[in-house]
Amino acid sequence: MNRLSRLKRALDTLYEARRDLYEKTGRLTQEELEFKPAPDRWSVGEVMDHIIKAESTFVRDLRKKILTFGEEPERDNLFSQILRPFIFTGMRHGSSLIKFEAQEEIRPVHGYPHLYLIFKLGQVRDATLDVAERLARREEPVYMHDPRVGAVYSGEDWLYLTGLHEMRHVGQVERIIAAMEEAKGRGELGHPRLNGTAHTAPKQVTSAREVAL
């Protein structure tokens with residue numbers, strides 16, 4: 001697969017994942033957005049916030065790589081060539097074998113308003129498409145290193161991984177909504193301390209840099 005084909009795959013996956021996320025969350029009320037299946041589980045709103053922060057981080061790192069001149073790039077290797085298809089397949093199908101704990105900078109905040117999350121999703125996606133355009137105009141390939149597994153990805157595959165990450169969390173959103181519907185059937189939704197979890201106020205947003213590049 002050449003660079004153009006990999007970039008098209010990445011953009012198609014990013015579009016598909018975002019479309020599905022909007023379809024699943026667009027009609028949720030704020031109360032439904034903040035519903036937690038259990039005290040230690042994320043709400044739909046928290047999943048959305050995590051997607052925003054993760055995409056922003058992925059794309060920020062790729063943009064830095066594109067704009068860095070004179071630095072010896074990462075090189076592809078046999079280990080990565082063997083590992084990448086396994087990671088991609090696992091991410092697309094939600095395998096529990098391909099799962100990493102969210103780092104501090106991309107851990108979600110509970111209680112953001114729905115409209116704010118929609119705005120930030122659009123804002124960070126604009127930044128992602130800008131980086132994709134920069135990548136398409138670049139003659140030399142860009143390689144990114146993932147220290148979690150030691151694999152190396154092309155810039156195009158890094159964007160593909162970003163889309164797969166969101167696709168995986170869309171599956172999580174579906175499971176949360178299913179649990180919410182069960183809670184509605186039991187008459188539990190509407191209680192301020194559902195499952196023993198209080199709704200905390202969102203932290204004050206002082207800068208768009210939290211999610212924008």
ask   = Which value in nm describes the separation of the simple spin-label points at Thr89 and Leu67, placed 7 Å from the Cα toward the beta carbon?
value = 3.8 nm
key: Packing-based order for 44-53, 29-38, using average beta carbon neighbours within 10 Å, highest first   = 44-53, 29-38
ask   = Which peptide among 175-182, 162-169 comes first, and what is the full order, when sorted by highest mean count of other Cβ atoms within 10 Å?
value = 162-169, 175-182
query = Label-point separation (nm) for Glu23 and Leu115, each offset 7 Å from Cα along Cα-to-Cβ?
reply = 2.7 nm
remark   = Non-local residues with an amide H under 5 Å from the amide H of Ala151, with H modelled 1.01 Å from N and Pro and chain starts lacking one, are Asp146
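Readers should treat all values here as calculations from the given coordinates under stated rules, not as data from a laboratory. A quick note: this is a predicted structure, and the numbers were derived from the prediction, not measured. Please note: Cβ atoms are built from the backbone with ideal geometry, for glycine as well, and neighbour counts cover all protein chains shown.
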